[in-house]
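The values are calculated or read from the model by the stated rules, or taken from the named source; none is laboratory data. Computed from a predicted structure; not experimentally measured. Glycine also receives a Cβ, built like all others from the backbone with ideal geometry; neighbour counts cover every protein chain displayed. Just the protein is used for accessible areas: all its heavy atoms, side chains included, with ligands, DNA and RNA removed. Shrake-Rupley method; radii C 1.70, N 1.55, O 1.52, S 1.80 Å.
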Amino acid sequence: MVALRSRRLESLFGVGLGTLRAEHVRGLVSSSVQEAFDLDFKATLYGRGESDRRALAGDVAALANTAGGVILIGVQEDDQARATAAPGVEITDAEVARIRQVTASLAAPIPVFDVLTLPDSAAGDDDAAGEDTVLRARTGPRPADGTVQEAARGFIVIAVPRSPGAPHAVLVNEGLRYPKRNGATTRYLSEPEVAVAYRERLAG
């Protein structure tokens, strides 16, 4: 069950977010879909440096502070923020756990979000065909014969609903900043905007 509900995104994908498959993500490339306030493309996994960790938490918080949306990891974009390729990324339980841990450690309060993995048979994950379409990343113990299974390739989808607990802050240089989507980019709220956001939270 995916917490995010979005008619716009479901129209773009052609299916509900809870039934996404890798082919639906690749369809964004063939249609040259552009990033928007609720859609963010990432060509590669977030790095492990401090700025990359902050970017991950900030991207999640920005969607929660705006109208909700999805971050698609494994999709390349051009200078006009249009999807141009979908090479995918390596998907593992460890990466899903890291996304959750980083966001929980740097965003306050922690937004509600789902991390979904979409194995892509076109990228070599042959056993994905016919399986449940939205999967948690799969890893497991080494098989009895001692072989090492290759990690699946595909897409990681971070689905973030609009949050009634907004504004969500991220820790930046030991201070709290409040990100928000501004079209296809992210900006930080000004002090008066933060005050308004807190009033709206209390009123809600």
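Summarising the label geometry, the points placed 7 Å from Cα in the beta-carbon direction at residue 32 and residue 198 lie 4.6 nm from one another.
Distance between the modelled labels on residue 185 and residue 50, one decimal in nanometres: 2.5 nm (7 Å Cα→Cβ projection).
Packing-wise, with mean Cβ within 10 Å as the measure, how do 94-103, 9-18 rank, highest first? Walk me through the numbers on the way to the answer.
Working: 94-103: 17.4, 9-18: 15.8.
My ranking of the peptides, most packed first, is 94-103, 9-18.
For the chain, a simple Cβ point-charge model (Lys and Arg +1, Asp and Glu -1, everything else neutral) yields a dipole of about 760 debye relative to the Cα centre.
Over the chain, dividing the summed -39,500 (n - 2.57) contributions of all DSSP H runs of at least 4 residues by the number of residues returns a 222 nm mean residue ellipticity of -9000 deg cm²/dmol.
With protein chains left intact and a 1.4 Å probe, residues in the stretch 11-51 average 48 Å² of accessible area per residue. For the stretch 44-104, a crude dipole built from +1 on the beta carbon of Lys and Arg and -1 on the beta carbon of Asp and Glu, taken about the Cα centre, is about 240 debye to the nearest 20.
For the stretch 187-204, putting each phi into the Karplus relation 6.51 cos²θ - 1.76 cosθ + 1.60 with θ = phi - 60° gives couplings of 10, 9, 5, 6, 4, x, 5, 4, 4, 4, 4, 5, 5, 5, 4, 5, 5, x Hz, in residue order, rounded to whole numbers and with x for Gly and Pro.
Summary of packing: across the peptides 176-187, 56-67, the per-residue average of other C-beta atoms within 10 Å ranks them, highest first, as 56-67, 176-187. Computed on the stretch 36-102, the Cα convex hull volume stands at 89 Å³ per residue. Surface composition of the chain: carbon and sulfur atoms hold 49% of the protein heavy-atom accessible area at a 1.4 Å probe.
The relative contact order of the stretch 1-74, computed from alpha carbon pairs under 8 Å that lie at least 6 residues apart in sequence, is 32 percent. For the chain, taking the reciprocal of the average inverse distance between every pair of different Cα atoms yields a Kirkwood hydrodynamic radius of 17.5 Å.
Charging the Cβ of each Asp and Glu at -1 and of each Lys and Arg at +1, and nothing else, the dipole of the stretch 1-51 about its Cα centre rounds to 140 debye.
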